[in-house]
Structures are given as structure tokens and as C-alpha cells.
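Peer 1: Here it is: the structure, laid out below.
The values are calculated or read from the model by the stated rules, or taken from the named source; none is laboratory data. Predicted model only: the values in this text are computed from it and were never measured. Neighbour counts are summed over all protein chains in view; Cβ atoms, including those assigned to glycine, are modelled from backbone coordinates with ideal geometry. Ligands, DNA and RNA are excluded from the accessible area calculation, which covers all protein heavy atoms including side chains. Shrake-Rupley method; radii C 1.70, N 1.55, O 1.52, S 1.80 Å.
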Amino acid sequence: MSEQLTADVAIIGGGLMGCSAALALRRMNLSVVLLEQGWCGAQASGVNYGGVRRQGRAAVQLPLSQRAYAIWQRLPQLIGSNCEYTVSGHLKLARSEIELASLEDYRAQADGFGLQLEILGRAALRQRFPWLGEKVAGGSLCPGDGHANPRLVAVAFALAAKNHGADLREEMTVESAVLDGGKFTVRAAGGLEVKAKFLLNCAGAWGARFAEQFGERVPEYPIFPNMWVTEPMPKLVEPNVGIVGGGFYVRQVERGNFVLGGGRGTGQLAIASTRPASASMFASMRMACEFIPALQNALVIRSWTGVEGALPDHQPVLGPSATTPGLFHAFGFSGAGFQLAPAVGEVLADLVAHGATATPIEAFSIGRFSAIS
């Protein structure tokens, strides 16, 4: 049975980007229909590590990240829940004096963005965090960063958008999207057709496929980050912890479980099938145990992966289409979109409602790939 809908804005993708955009648009009183091929938040948005960090981001991302930071502080007012968001600090570890120098260089690059980074040498770091092992040479602490439960965040944004009047359609695989007579026509399996003045491509790892329908080729590829969780253990580690080079990352939740990540799993984008890779996981786990010895006796109770879209320069595509007025893209966040997502939604709403945004996004233009034929 066919169904025809009209809206100011159609959104492809029900992850955190799409749902946060839907909420921001409804708060501007624009009508929204969102189409999700599975369930909102079931892909990268719901199965990622959960780090809410600004530290370590390229300088071009920091204005967007700072805008997101302000939104994270008011989650309960915005979506009705804090989603286990904790301002724990983000501690980035160095294994050598060279890596410690790179953290000092980054502090200089990030100066002026409000991160308040504190560089700690070996002795000061181990005095402050006595659970660290011998291999640590120093670190950088961003006290305002933290972590949250990704299984709660995207769903909460979806529910808030729905409660504000957005029409969210799950299990609706989009088959085509075209601009026809000044309006977009989006067709989904089962005969659903949506006509809208604006179209947001928030399709994650599938984002390049929809961009190509409008003559824009982007070298997006899927990645499958490994993650795992331990049994509950006595509370020990307060900050969200990473390491220069990204070999592992770890956080301990309030109930005591350690959530860890590192390396890549495997998967097939065509059927949205993913699987963690044991060898990669064990390598990251060994490294994590060297830096946090208490993990050596931890029992791993579950492992998983998910699919995320990545780009060669590790910067997302965010902003207007270079070929099609009224089309806006937000995809390819290369495994680092969770913290940014609430601001991405607001930026997309700015572009739809006002044709511009005060947040600098020029570095994320899809036009940087215009030479690809």
C-alpha cells in the first residue's frame, strides 16, 4: 500500500545526527519526516564507545565541538535524560617523551578554545592517578570532557524529536531521492513517498551512496570499531582514558564495568553485518593492561562492533550540497561523531532555516572531493 507525505524537511538516517537535527528543526516549528532503514540509534550512534571528548580533535573541529559541549551540559532540559553523561575528564596518555611533546604541541594548537588542558609528567601523573602502570611517560588531562551511554543518547533524541512532532518512520529503507520541480521526492521500500523542500543526508556509512545520486562522489568507506565490556569491578578509574596513537581507550561506568575499545572488527555494509575481531581486540587489551594493571584479572563479558563511515582525511562531510540547492549532508565522521552530533543537528537546522550557520564548517565542505570523477 502506497503512502504519500509532505514536510518542510525530509531526513535520511535515524542515528544521532538525524535525530538531533529532527529535534532542532521541530523546535523551529518546521515539519519533519525522518526515514530510518532499521531502528533509530541502532547503528554507530548506539554501539560506539561513548566518549564525549573534545581533546585530540583537529583544530577545525573545535568550534563545532565546543558548541556540542554546551548542549551536552543541558541534556536533561533538552531530551529529558542525562543518558548517564558524566563529566569525568579525558586523560590522554603518552608512552615516551616524544609523545608527551606531541601533547604539549596539541595544547598550543587548541589554545583559545576553552579546553583547559593540563600536561602532567610521569611522576605527577602517577601520583594523581596511582592505578596507572609503569609504562606511562606523561599525559594530558581535559577536565571538562567525559562519557555517556550511547545506547541511551540516540534513542532519547529520537523520542524527544517525536514528542516535539517529528514523524519518525523506522524500518523504511530509502530506495531513491531526487529533486523534482523544486521539491525533493524520497521513495522508500513499501511504497512510502515523501515530498519536502529540504533534504538532509544523515545516512552515516551509507551517506556517500545518497550523495552520489546528486552527482557528488565522496571516498567514504566503512570502519568497524572493536569494543568490549568487563564484569563490574571496584570503582577505580574516574577519567575517560585514551592514548596517543589510539591503541586503546577505556572508561569505567558508575556500576563498575569497564568499557574498552581498540582496533577494528569486520563487516559487510551491504547487509549491515558486523563482527568483532578477536586478534585485534586482544592486542588492544594487552596494551590497556600494561597501562591499567588492575584490568589484568578482569572478566570480559561481552564484545561487539558497529559500522561507521570514514573519510581519508578523517574530517566529516557537513554542510550544503555543491550541486543541489536544499540538500545538506552530515556523514563520514570517522568514528568521532558521538560528541559532535548534538551540534551537528543544530547546524543543519541553522542551514535549513537561515541558509547559514555561525559555527565554522568550511573545512567539512563536500566540495573538497570535487576532483573525484
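Peer 1: Here are some conditions: (1) within 23 Å of Leu318 (Cβ to Cβ); (2) touching a residue at least 12 places away in the same chain (Cβ under 8 Å). Leu192 meets all but one. Which one does it not meet?
Peer 2: (1)
Peer 1: Still on this structure, I have one more. Given the structure, is Gln77 in a helix (DSSP H, G or I), buried (at least 23 other Cβ atoms within 10 Å of the Cβ) and of a type in the set (S, T, N, Q)?
Peer 2: no
Peer 1: Could you name every one of the helices (runs of 4 or more DSSP H) located completely within the stretch 1-74 that has at least 3 residues being closer than 29 Å to Gly144 by Cα, open to solvent by 20 Å² or more (accessible area, probe 1.4 Å) and at pLDDT 95 or above?
Peer 2: 62-72
Peer 1: A further question on this structure: Considering only residues that are in contact with a Lys or Arg (Cβ under 8 Å, 6 or more places away or on another chain) and either in a strand (DSSP E or B) or over 22 Å from Ser303 (Cβ atoms) (or both), which ones fall in the stretch 220-233? Can you show your working first?
Peer 2: Taking the stretch 220-233 first, the residues in contact with a Lys or Arg (Cβ under 8 Å, 6 or more places away or on another chain) are 223-226, 228-229, 232.
Across the stretch 220-233, the qualifying residues are Ile223, Pro225, Asn226, Trp228, Val229.
Peer 1: Filter the stretch 316-336 down to residues that are open to solvent by 10 Å² or more (accessible area, probe 1.4 Å) and within 20 Å of the chain's Cα centre (by Cα), then give me how many there are. Show your work before the answer.
Peer 2: Of all residues in the stretch 316-336, those open to solvent by 10 Å² or more (accessible area, probe 1.4 Å) come to 320-326, 328, 333-336.
Those left that are additionally within 20 Å of the chain's Cα centre (by Cα): 320, 328, 333-336.
Looking only at that region, the number is 6.
Peer 1: Ok, one more. Residue by residue through the stretch 234-243, note down the ones that are part of a loop (DSSP other than H, G, I, E, B) and either at positive phi or in contact with a strand residue (DSSP E or B) (Cβ under 6 Å, 6 or more places away or on another chain) (or both).
Peer 2: Val237, Pro239, listed by residue number.
Peer 1: Still on this structure: Mind counting the residues in the stretch 266-304 that are over 20 Å from Gly256 (Cα atoms) and touching a Pro at 6+ places or on another chain (Cβ under 7 Å)?
Peer 2: The total comes to 2.
Peer 1: Give all pairs with beta carbons closer than 9 Å in which a residue from the stretch 33-51 that is within 11 Å of Met227 (Cβ to Cβ) meets a residue that is open to solvent by 20 Å² or more (accessible area, probe 1.4 Å) and among the acidic types (Asp, Glu); count only pairs at least 6 apart in sequence or on separate chains.
Peer 2: Correct list of pairs: Asn48/Glu308; Gly50/Glu84.
Peer 1: Within the stretch 132-147, track down each residue that is in a strand (DSSP E or B) and of a type in the set (Gly, Ala, Ser).
Peer 2: So in the stretch 132-147, the residues in a strand (DSSP E or B) come out as 138-142, 146-147.
Across the stretch 132-147, the qualifying residues are Gly138, Gly139, Ser140, Gly146.
Peer 1: Related question: On the given criteria, is Ile292 open to solvent by less than 50 Å² (accessible area, probe 1.4 Å) and either at pLDDT below 95 or under 30 Å from Gly181 (Cβ atoms) (or both)?
Peer 2: Considered against the rule, which asks whether it is open to solvent by less than 50 Å² (accessible area, probe 1.4 Å) and either at pLDDT below 95 or under 30 Å from Gly181 (Cβ atoms) (or both), Ile292 comes out as no.
Peer 1: Among what's in the stretch 266-304 and is among the basic types (Lys, Arg) and touching a strand residue (DSSP E or B) at 6+ places or on another chain (Cβ under 9 Å), pick the residue that is farthest from Trp228 (Cα to Cα). Outline the logic, then answer.
Peer 2: Residues of the stretch 266-304 that are among the basic types (Lys, Arg), as a first pass: 275, 286, 302.
Subset that is touching a strand residue (DSSP E or B) at 6+ places or on another chain (Cβ under 9 Å): 275, 302.
Working: Arg275: 12, Arg302: 6 Å.
Here the answer is Arg275.
Peer 1: At pLDDT 95 or above, open to solvent by 20 Å² or more (accessible area, probe 1.4 Å), farther than 25 Å from Glu254 by Cβ and among the charged types (D, E, K, R): does that describe Glu134?
Peer 2: The answer is no for Glu134.
Peer 1: Could you check how many residues of the stretch 244-282 are part of a loop (DSSP other than H, G, I, E, B) and of a type in the set (S, T, N, Q)?
Peer 2: 1
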